[in-house]
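Here, each number is a calculation from the coordinates, and none is a lab measurement. Computed from a predicted structure; not experimentally measured. Using ideal geometry, Cβ is built from the backbone for each residue, glycine included, and neighbour counts are taken over all protein chains shown.
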Amino acid sequence: MTVRSRFFTEAEGQAVGVENAAAKGDVLLVCEHASATIPQKYGTLGLSPEVLSSHAAWDPGALAVARLLSEKFDATLVYQRFSRLVYDCNRPPESPSAMPVKSEIYDIPGNFELSEAERFARTSALYVPFHDRVSEIIAKRQADGRKAVVVTIHSFTPVYHGRFREVEIGILHDSDSRLADAMLAGAEGSSLRVNRNDPYGPEDGVTHTLRLHALPDGLLNVMIEIRNDLIANEGDQAAIAGFLHELMEKALSSIDG
């Protein structure tokens, strides 16, 4: 699927990335914060190169892990090709954090005092096609009598507002905790510190994608947060992807059984 408009240059191409579209597996991977790229029309949003390459702009390592999981599960992967600083696709349009004026300690000058027209333009160019694509994939699977297990992949910074986060992998859920419960049970005794709804939970508004695409139809779902110092290179990304694959495989088998 190609989504182009005057919002993007020809070189920038489409807003939504889809890989392994013909996958046969049940899992549908979603990566809302895959990229730090800012559309050319916005320049740098008034930010330094340091900020634009930091966790404020994207989830480092998340897309790499999602791609590895796509291979392991034979899963379709949908990801956003532009930075969450322009539009955070894990937030609804009415949320102040959809187009944030501040990210942790950083002000985002390019998001100050946005007009309704600008908010609508960003929503139409980034949020709508992203979630339309996820909806289309799920609807096609349902029409074909296939399952869809919605899994979103994120990473988080080890230090937030000066506080070190002990958790290494967060297993997040909203009102449907079936898959999260099974994964947490399977992670007991692991060498990794795996916590429930940590470092974020549904009260932080981070389960929007799950609420939108999984909860209405009772689809199995989970949001996975990985501390980004654990996925800073290819070897570590492969190790974490392997751990998550085994954990999810066992969890899904226990639920199906």
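Could you tell me which residue of the range 5-45 is surrounded by the most Cβ atoms within 10 Å (Cβ to Cβ), considering only residues that are touching a Leu at 6+ places or on another chain (Cβ under 7 Å) and within 20 Å of Leu244 (Cβ to Cβ)? So, considering only residues that are touching a Leu at 6+ places or on another chain (Cβ under 7 Å) and within 20 Å of Leu244 (Cβ to Cβ), the one surrounded by the most Cβ atoms within 10 Å (Cβ to Cβ) is Cys31. If the condition is being within 26 Å of Gly235 (Cβ to Cβ) and in contact with a helix residue (DSSP H, G or I) (Cβ under 8 Å, 6 or more places away or on another chain), then the range 41-61 contributes His55, Ala57, Asp59, Pro60, Gly61. Might you check whether a residue that is part of a helix (DSSP H, G or I), over 18 Å from Val151 (Cβ atoms) and without any contact (Cβ under 8 Å) to a residue 40 or more places away in the chain occurs anywhere in the range 196-207? The answer is yes, given that some residue of the range 196-207 is part of a helix (DSSP H, G or I), over 18 Å from Val151 (Cβ atoms) and without any contact (Cβ under 8 Å) to a residue 40 or more places away in the chain. Against the condition more than 22 Å from Ala180 (Cβ to Cβ) and touching an Asp or Glu at 6+ places or on another chain (Cβ under 7 Å), how does Pro129 come out, does it pass? Considered against the rule, which asks whether it is more than 22 Å from Ala180 (Cβ to Cβ) and touching an Asp or Glu at 6+ places or on another chain (Cβ under 7 Å), Pro129 comes out as no. Mind checking which residues of the range 155-189 are surrounded by fewer than 20 Cβ atoms within 10 Å (Cβ to Cβ) and hydroxyl-bearing (Ser, Thr, Tyr)? Matches in the range 155-189: Thr157, Tyr160, Ser175, Ser177. Annotation for the range 46-54: no member residue is on the phi > 0 side of the Ramachandran plot, touching a residue at least 24 places away in the same chain (Cβ under 8 Å) and either buried (at least 16 other Cβ atoms within 10 Å of the Cβ) or of a type in the set (Lys, Arg) (or both).
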